[in-house]
Amino acid sequence: MNNYVAELLEQKVTQYNRPDFISHDPISIPHQFSRRQDIEIMGFWAAVLAWGQRKTIINKCNELIQLMDGAPYDFIKNHEDSDLKRFLNFKHRTFNATDTLYFLHFFKEYYQQHDSLENAFAQALSPDAPHVEKGLAAFHELFFSLEDFPERTRKHIATPVRKSSCKRLNMFLRWMVRQDDKGVDFGIWTTIKPSQLICPCDVHVDRVGRKLGLIQRPTTDWMTALELTENLKQLDPNDPVKYDFALFGLGVEGEM
């Protein structure tokens, strides 16, 4: 990697990894909360719904929060079946009420047995694993382990087993795992290490990554995400995904 690319990325991380980045980004949704489980639940939902215009994504997530009486974790733990009727009109692009109700069902079952969603991603991940691939695959299996899950909902939870780049789940993991003092990512999970994260390959990151020579693979899939992350590890092996800020910022702000 040439010095120009390295210096550019470092400069742009500094520019974009700051609190004023939050207001226009889906990460603003979990930032409304201080309770760990609320952050996890709404962080997960914001990441899964993160396609289309960012303003619309944020509006839809706020709608979900209102439907859960402003307290996602309390609602998920304590709701009655009759409380679910209010979700029957919720929709974001191809994510509909069927998907919404299954998410609520999964969360209720899960949080009755576990204190944190981190276990769901870390259960199959050894401390010396090079990256989160096995964790993502195991999470997908767990998420769809409940009886009578709707087959249509599978398309909303990616897995590397199907060669997906898993951009939304990788973004969610970045939010939960990365630890710094910049006030954007939460760093509330400690079992998964920042060095094990994979860079989320959204359209902006993919385009800028290719222009900078960080991606050679012609298609965008799981192997592309691994290739990009391996190249970013040349700059920072302990925290390669911090450069997501730089690549996304350069793309979405039209700088590149």
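Quick look at the values:
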| read-out | value |
| --- | --- |
| Residue check, Pro130 open to solvent by less than 60 Å² (accessible area, probe 1.4 Å), touching a residue at least 24 places away in the same chain (Cβ under 8 Å) and not hydrophobic (A, V, I, L, M, F, W, C) | no |
| Checking Tyr111 against (1) over 20 Å from Lys60 (Cα atoms); (2) surrounded by fewer than 15 Cβ atoms within 10 Å (Cβ to Cβ); (3) in contact (Cβ under 8 Å) with a residue 60 or more places away in the chain, the condition it does not meet | (2) |
| Residues within the stretch 205-245 that are charged (D, E, K, R) and either in contact with a strand residue (DSSP E or B) (Cβ under 8 Å, 6 or more places away or on another chain) or not in a helix (DSSP H, G or I) (or both), tallied | 4 |
| Residue check, Asp20 acidic (Asp, Glu) and not in a helix (DSSP H, G or I) | no |
| Condition check for Lys167: modelled with pLDDT of 95 or more, touching an Asp or Glu at 6+ places or on another chain (Cβ under 8 Å) and within 22 Å of Asn3 (Cα to Cα) | no |
| Residues (of a type in the set (Val, Ile, Thr) and touching a residue at least 12 places away in the same chain (Cβ under 8 Å)) located in the stretch 191-231 | Thr191, Ile192, Ile198, Val203, Val205, Val208, Ile215, Thr220, Thr224, Thr229 |
| Contacts under 7 angstrom Cβ, first residue in the stretch 42-68 being of a type in the set (Val, Ile, Thr), partner open to solvent by 10 Å² or more (accessible area, probe 1.4 Å) and not in a helix (DSSP H, G or I), 6 or more apart | Ile57/Ala50 |
| Candidate set from the stretch 8-28 (those that are more than 20 Å from Leu235 (Cα to Cα) and among the polar types (S, T, N, Q)); member that is least open to solvent (accessible area, probe 1.4 Å) | Ser28 |
| Residue tally, condition part of a loop (DSSP other than H, G, I, E, B) and closer than 27 Å to Asn238 by Cβ, over the stretch 116-152 | 12 |
| Residue in the stretch 148-159 that is among the polar types (S, T, N, Q), touching a His at 6+ places or on another chain (Cβ under 6 Å) and more than 22 Å from Tyr16 (Cα to Cα) present | yes |
| Only one of Lys155, Lys182 that is in a helix (DSSP H, G or I), of a type in the set (Lys, Arg) and either free of Cβ contacts under 8 Å to residues at least 24 places away in the same chain or open to solvent by 70 Å² or more (accessible area, probe 1.4 Å) (or both) | Lys155 |
| Residues of the stretch 158-171 classified as outside any helix (DSSP H, G or I) and either open to solvent by 50 Å² or more (accessible area, probe 1.4 Å) or touching a residue at least 24 places away in the same chain (Cβ under 8 Å) (or both), total | 4 |
| Within the stretch 40-72, considering residues that are among the hydrophobic types (A, V, I, L, M, F, W, C) and open to solvent by 10 Å² or more (accessible area, probe 1.4 Å), the one nearest to the chain's Cα centre (by Cα) | Ala50 |
| Residues that are open to solvent by 10 Å² or more (accessible area, probe 1.4 Å) and closer than 17 Å to Met1 by Cα, drawn from the stretch 216-228 | Gln216, Arg217, Leu226, Glu227 |
| Hits in the stretch 84-108 - residues which are over 13 Å from Leu64 (Cα atoms), open to solvent by 20 Å² or more (accessible area, probe 1.4 Å) and not basic (Lys, Arg) | Thr94, Thr98, His105 |
| Condition check for Ile76: of a type in the set (Val, Ile, Thr) and either modelled with pLDDT under 95 or over 26 Å from Ala225 (Cβ atoms) (or both) | yes |
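The values are calculated or read from the model by the stated rules, or taken from the named source; none is laboratory data. The model shown is predicted, which means the values in this text are computed figures rather than measured ones. Every residue, glycine among them, receives a Cβ derived from its backbone with ideal geometry; neighbour counts consider all protein chains shown. The accessibility values were calculated without ligands, DNA or RNA, using every heavy atom of the protein model including side chains. Shrake-Rupley method; radii C 1.70, N 1.55, O 1.52, S 1.80 Å.
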